[in-house]
Amino acid sequence: NANCIGWRNSGDEGYQWLSYEEVHKRARAFGSGLIKYGFEVGQDTMLGIFSKNCVEWVLSEQAASMFSMVVVPMYDSLSPSACAHICNKTEMKVIICNSEANANQILEAPEAVPTLKSIIVVNETSEQFIQKAGEKGITILRFKDVEVCRMLGGRRGGQGRGRGEPMNLGVVGNMGGRAED
């Protein structure tokens, strides 16, 4: 069971590793958690990822692949308007953010994002932020809670996977440009 994903918290520390088996189990658990929270298996679920590179980014991508969901990556260089535009064009219902700052960029966008129902945040968030999101009809979830919820009353193996088809869409990439495009 070889090393799959490595990271270190600072330049002075050694790497910490997750094995291929651990990545598989965690990605499946996270995907199952998404389903338990009401997001559907299949191509109609656009899973936004607005995060710096991190373990959770990879787990989210792998979970989306396991359950035939479509990944929509967004980057720090995008303006709030561009982020809202992408969310609206893809009719995104859920987005994963690594920080409250990224999640707040979505909430503060001048354009409304009516389809967005949940923001999953990797790092801790303040109660004030959770309340602010709630006032806009958006639920804030913690990544680790989504990952472990499949164990609460669910089958041990997690929810059933989506059946991948050769013509399934995997990733919607935004190559920059104007928000109107």
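Quick notes on this one:
- Considering (1) buried (at least 23 other Cβ atoms within 10 Å of the Cβ); (2) under 25 Å from G6 (Cα atoms); (3) of a type in the set (A, V, I, L, M), the lone condition that M46 does not fulfil carries the number (2).
- Pairs with Cβ under 8 Å, 6+ apart, first in the range 114-133 and closer than 15 Å to N98 by Cβ, second of a type in the set (G, A, S) and part of a loop (DSSP other than H, G, I, E, B): V121/S99; V122/S51; V122/S99; N123/S99
- Positions within the range 73-96 being among the charged types (D, E, K, R), surrounded by 14 or more Cβ atoms within 10 Å (Cβ to Cβ) and over 11 Å from the mean Cα position of the chain (by Cα), in sequence order: K89
- For T125, the criteria (1) under 15 Å from the mean Cα position of the chain (by Cα); (2) at pLDDT 90 or above hold in every case but one, which is (1).
- Every listed requirement among (1) at pLDDT 65 or above; (2) assigned to a loop (DSSP other than H, G, I, E, B); (3) not polar (S, T, N, Q) is met by V148 save one, (2).
- Selection from the range 36-63 of residues that are within 13 Å of F143 (Cα to Cα) and out of contact with any helix residue (DSSP H, G or I) (no Cβ under 9 Å at 6 or more places or on another chain): C54, W57
- Strands (runs of 3 or more DSSP E) fully within the range 31-104 that include at least 2 residues being touching a Gly at 6+ places or on another chain (Cβ under 8 Å): 70-74, 94-97.
- Of the criteria (1) surrounded by 15 or more Cβ atoms within 10 Å (Cβ to Cβ); (2) without any contact (Cβ under 8 Å) to a residue 40 or more places away in the chain; (3) closer than 22 Å to Q105 by Cβ, which one H24 fails: (3)
- Selection from the range 85-106 of residues that are among the hydrophobic types (A, V, I, L, M, F, W, C) and without any contact (Cβ under 8 Å) to a residue 60 or more places away in the chain: C87, M92, I95, I96, C97, A101, A103, I106
- Listed conditions (1) within 24 Å of K25 (Cα to Cα); (2) assigned to a helix (DSSP H, G or I) are all met by L141, apart from (2).
- Unmet criterion (only one of (1) open to solvent by less than 50 Å² (accessible area, probe 1.4 Å); (2) touching a strand residue (DSSP E or B) at 6+ places or on another chain (Cβ under 9 Å)) for E61: (1)
The values are calculated or read from the model by the stated rules, or taken from the named source; none is laboratory data. Here the structure is a predicted model, which is why all the values come from computation and not from measurement. Ideal geometry is used to build each Cβ from the backbone, glycine not excepted, and the neighbour counts take in all protein chains shown. Note: areas computed on protein heavy atoms with side chains; ligands, DNA, RNA excluded. Shrake-Rupley method; radii C 1.70, N 1.55, O 1.52, S 1.80 Å.
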